[in-house]
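These notes concern the structure reproduced below.
Values quoted throughout were computed directly from the atomic coordinates according to the rules given, and no laboratory measurement underlies them. From a predicted model like this one, the values you see are computed outputs, not experimental measurements. So basically every Cβ, Gly included, is an ideal-geometry build from the backbone, and we count neighbours across all protein chains shown.
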Amino acid sequence: MEHTIKTNKQDEMINITDIVREDVRNSNIKDGIVIVFVPHTTAGITINENADPDVVYDILNSLQKVFPKDKNHRHMEGNSHAHIKASLMGLSCYIIIENGILKLGTWQGVYFCEFDGPRTRKFYTKIIG
Ligand code: ZN
């Protein structure tokens, strides 16, 4: 499934767990794997804490400190910091489906990570039974 997502900030993590869950439900596949993939070079995917929003804040804040906008970067577009953060997070994740349910930990959520927003973005889910 292809999904469009609108990001609102330059750096942002958006919880997309419910969208992934819905795709799994609609697939009627009870046992398998769902892959979530981002077709961008300055956005990523990660699984992390879904309860305390301060965790997301701390992740983004820490990444900004370690990889700030750097005038010495060679990439002409000026967004190498975003490319680096996207590669660090990774562009995909996979989750086990068992009895039609995502085998996520209680505190885990799937996050679309924007590093060069705001933009209109895409992500794909692929469910393999
Ligand atoms: Zn670039």
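Each Cα pair under 8 Å and six or more residues apart adds its separation to the average, and for the stretch 30-122 the resulting relative contact order is 51 percent. Shape of the stretch 55-102 from the C-alpha gyration tensor: oblate (a/c of 1.5 or more and a/b not above b/c, with a ≥ b ≥ c the square roots of its eigenvalues). Taking a straight Cα-Cα cut-off under 14 Å and skipping sequence neighbours fewer than 8 places away in the same chain, the aspartates and glutamates within cross-link reach of Lys6 are Glu114, Asp116. Note on Lys65 and Met1: their simple-model spin labels are 3.8 nm apart, each label 7 Å out from Cα toward Cβ. Of Lys30/Lys126; Lys65/Lys126; Lys9/Lys65; Lys30/Lys85, which ones are farther than 24 Å apart at the Cα? Beyond 24 Å: Lys65/Lys126; Lys30/Lys85.
Taking Asn50, Asn28, Asn72 as the candidate residues, the one with maximal mean-square fluctuation in a Gaussian network model of the chain, Cα springs under 10 Å, is Asn72. Mind telling me which of Arg25, Arg119, Arg74 comes out most flexible in a GNM of the chain, alpha-carbon contacts under 10 Å? With Cα springs under 10 Å in the chain, the top fluctuation among Arg25, Arg119, Arg74 is at Arg74. Using the Cβ-Cβ distance between Ile35 and Trp107 with R0 set to 30 Å, the FRET efficiency from 1/(1 + (r/R0)^6) comes to roughly 0.85.
Annotation note: chymotrypsin sites (Phe, Trp or Tyr not before Pro) in the stretch 27-129 located in DSSP loop regions with a Cβ neighbour count of at most 13 within 10 Å are Trp107. Principal-axis analysis of the Cα atoms of the chain puts helix 17-27 at an angle of about 40° to the longest axis. Electrostatic bookkeeping for Ile59 treats Lys and Arg as +1 and Asp and Glu as -1; over the other residues with beta carbon under 15 Å from its beta carbon, the sum is -4.
Just checking the listed ones, Val55, Val36, Val110: in the Gaussian network model of the chain with Cα springs under 10 Å, the one fluctuating most is Val55.
At q = 0.22 Å⁻¹ the log10 of I(q)/I(0) for the stretch 2-128 amounts to -1.28, computed by Debye summation with a single uniform scatterer per C-alpha, solvent ignored.
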